[in-house]
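Below: the structure, in structure tokens.
The values are calculated or read from the model by the stated rules, or taken from the named source; none is laboratory data. As the structure is a prediction and not an experimental result, all values here were calculated from the model. Note that we place each Cβ from the backbone using ideal geometry, even for glycine, and neighbour counts take in every protein chain shown. Side chains are part of the model used for accessible areas, which takes the heavy atoms of the whole protein and leaves out ligands, DNA and RNA. Shrake-Rupley method; radii C 1.70, N 1.55, O 1.52, S 1.80 Å.
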Amino acid sequence: MEHVDVVVIGGGQSGLATGHALLRQGIRPVVLEASEQTAGSWPHYYDSLTLFSPARYSSLPGVPFPGADPDGYPHRDDVVAYLTAYAARLDADVRTGCRVTGVRRTDSGFDVELEDGGRLATWAVVAASGTFGRPYRPTLPGLDDFIGPVVHAADYRSPAPFAGQRVVVVGAGNSAVQIAAELAQVARVTLASRGPVKLARQCILGRDLHFWLARTGLDTAPLGPFVRTPLTQLVIDDGRYRAALAQGAPDRRELFTGIDGTKVAWPDGKREEVDSILLATGYRPDLPYLAGLDGALDRAGHPRQCDGISLAHPGLAFVGLEWQRSLSSNSLRGVGRDAARVARRLAAHLAHG
């Protein structure tokens, strides 16, 4: 069996940032990516997706985001190209097509089991596989009775398949609003959610919102341990979404109260035929390979961790969790800081192991 110092599971932004941080600690990790491309979930996002942060605030450690305009907002494909190039210049053992199916505890560390039957022995493991593989489908009134298509945002690519339809988009975050506004150009769309849409101006006093988040320290403030429940995400808006909602394209309503076949019941008592429902309801940590490690996950499949370090297993760490430490933990601009902290902790663990 091959033995390595540290295995990083996931070759997207979190795994690559972790690889970089471990190298700076003098540790040569093996980074395992399940797909054939070192770009994480970015190639699978919808076609029109652009970052909400400018290029100057969208870099992993050591490599600025390329492009002539640092204040421009990169497209999905720009991020894919950036991450692919970042991996190519990273002096680490990055292996694609290596899906991890299990992690087992041993006397000296961990055994990492691969889908092709291979195994790696290692002193430490970093779970950096993100969330895209585990779309969250909440319990919604009558949803199981809907006989039309129910699509999660993870499977949405473009508005073309929905042209001419009556569509309900469930959610109130950035993706929900962006997808609903895009769909409203070709379909009749309602944005339905339990709470209101909270819009934040993208530009304040001539500066992008991320400038102010960095300047005030809110972007890096260690608030993660105090965030006990998911927070309603602010929708970053350059004015387009406010205008679209004001024009009713999409219109915004409280969540439906029930569904009978293809008829949706609204809180005001009205019922109407709906062709499709799209769930922009987020994701949960995608960590099935840790199910065999007692105490690594709670009953909901969330990691039991503090500041990225497992509460149950020395040598097990996490990078890329939402609110792992701060507002920016699960983002291109912030994951490097968390990765550096985890790398320092693992270096100390290996030194005393």
Per-region count, the range 94-128, residues over 27 Å from the mean Cα position of the chain (by Cα), exposed (fewer than 14 other Cβ atoms within 10 Å of the Cβ) and at positive phi = 1
Could you tell me which residue of the range 34-44 is farthest from G97 (Cα to Cα), considering only residues that are assigned to a loop (DSSP other than H, G, I, E, B) and open to solvent by 20 Å² or more (accessible area, probe 1.4 Å)?
-> S41
Any chance you could count how many residues in the range 305-326 are open to solvent by less than 30 Å² (accessible area, probe 1.4 Å), in a loop (DSSP other than H, G, I, E, B) and closer than 20 Å to L16 by Cβ?
-> 6
Note: among P161, P267, P222, just one is of a type outside the set (D, E, K, R), over 24 Å from the mean Cα position of the chain (by Cα), surrounded by fewer than 19 Cβ atoms within 10 Å (Cβ to Cβ) and not in a helix (DSSP H, G or I), namely P267
Taking interchain pairs and intrachain pairs at least six residues apart, which have beta carbon atoms under 6 angstrom, with the first residue in the range 46-63 and free of Cβ contacts under 8 Å to residues at least 60 places away in the same chain and the second crowded, with 21+ Cβ neighbours inside 10 Å and assigned to a loop (DSSP other than H, G, I, E, B)?
-> A55/F65; A55/P74
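For every residue, the table says whether it meets (1) open to solvent by less than 40 Å² (accessible area, probe 1.4 Å); (2) modelled with pLDDT under 95; (3) assigned to a strand (DSSP E or B); (4) out of contact with any helix residue (DSSP H, G or I) (no Cβ under 9 Å at 6 or more places or on another chain).
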residue	(1), (2), (3), (4)
G11	yes, no, no, no
L22	yes, no, no, no
V31	yes, no, yes, no
D47	no, no, no, no
Would you mind telling me which numbered condition in (1) outside any loop (DSSP other than H, G, I, E, B); (2) open to solvent by 20 Å² or more (accessible area, probe 1.4 Å); (3) touching a residue at least 12 places away in the same chain (Cβ under 8 Å) L16 fails?
-> (2)
Determine, yes or no, whether A153 is among the aliphatic types (A, V, I, L, M) and under 20 Å from T281 (Cβ atoms).
-> yes
The condition of being among the aliphatic types (A, V, I, L, M), farther than 28 Å from L120 by Cβ and surrounded by fewer than 19 Cβ atoms within 10 Å (Cβ to Cβ) holds, among A348, A291, A280, A249, only for A249
Cβ-Cβ below 6 Å, separation at least six or inter-chain, first residue in the range 152-169 and within 21 Å of E273 (Cα to Cα), second surrounded by 21 or more Cβ atoms within 10 Å (Cβ to Cβ) and of a type in the set (S, T, Y): which pairs?
-> V168/T190
